[in-house]
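J.: Got a structure for you, written out below as structure tokens; questions coming shortly.
The values are calculated or read from the model by the stated rules, or taken from the named source; none is laboratory data. These numbers come from a predicted model, not from an experiment. Cβ: placed from backbone, ideal geometry, glycine included. Neighbour counts: every protein chain shown. Just so you know, the surface numbers come from the protein's heavy atoms only, side chains and all, with ligands and any DNA or RNA stripped out. Shrake-Rupley method; radii C 1.70, N 1.55, O 1.52, S 1.80 Å.
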Amino acid sequence: MSREEFLEILNTQLEGEIPSNEISQHLTYYNNFIYQRVQQGKPESDVINELGEPRLIAKTLIDTEDVPNIPGYQQSYDYSAEEAGSERFTQYDSSEQSFQQETPRSSVHRLDLTTWRGKLALAAGALAIIAILLLLLGALLPIAAIAAVIGIITFLMRRL
């Protein structure tokens, strides 16, 4: 079975069962997964055999879509380039049944202030801000002193 056949079967099995945007995400993930393994030197047919039957994959994806509504639970299939093992992303457009190239998505990293690294980063940021303020103050202080002297001289000259 070829990659195109695998993706077409997967698409056909998922259509009408889960939202189309999720179908597109799944197809993009599997396309990139197969592409990356082929780029690493594995034959396409071996990669597809390792993945298994696309109908079974579709059934699993559909079954996991029907997870009951549990408070606080959110289903997400936001695959990233890292998960697909690819440095490039190919977006599957199910309406045209074609692939479109995209740039990789950037990862969002949040600073955790409960760890020593987070506290260190916060302290370093605070020190950098203080250093910048001191540099600005140091540069503006001579100018302010000269302006004050000129102001005093002008004031005294007017009084005379």
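J.: Of all residues in region 22-48, which are among the polar types (S, T, N, Q) and not in a helix (DSSP H, G or I)?
T.: Of all residues in region 22-48, those among the polar types (S, T, N, Q) come to 24-25, 28, 31-32, 36, 39-40, 45.
The one that is among the polar types (S, T, N, Q) and not in a helix (DSSP H, G or I): GLN40.
J.: Restricting the search to region 4-21, which residues are assigned to a helix (DSSP H, G or I), under 26 Å from the mean Cα position of the chain (by Cα) and under 17 Å from ARG55 (Cβ atoms)?
T.: First pass over region 4-21, keeping only residues assigned to a helix (DSSP H, G or I): 4-14, 20-21.
Adding the requirement that they be under 26 Å from the mean Cα position of the chain (by Cα) leaves 7, 10-11, 14, 20-21.
If the condition is that a residue be assigned to a helix (DSSP H, G or I), under 26 Å from the mean Cα position of the chain (by Cα) and under 17 Å from ARG55 (Cβ atoms), then LEU7, LEU10, ASN11, LEU14 are the ones that fit.
J.: Please go through region 40-49 and pick out each residue that is open to solvent by 30 Å² or more (accessible area, probe 1.4 Å) and in contact (Cβ under 8 Å) with a residue 12 or more places away in the chain.
T.: Keep residues of region 40-49 that are open to solvent by 30 Å² or more (accessible area, probe 1.4 Å), which gives 40-46, 49.
GLU44, SER45, listed by residue number.
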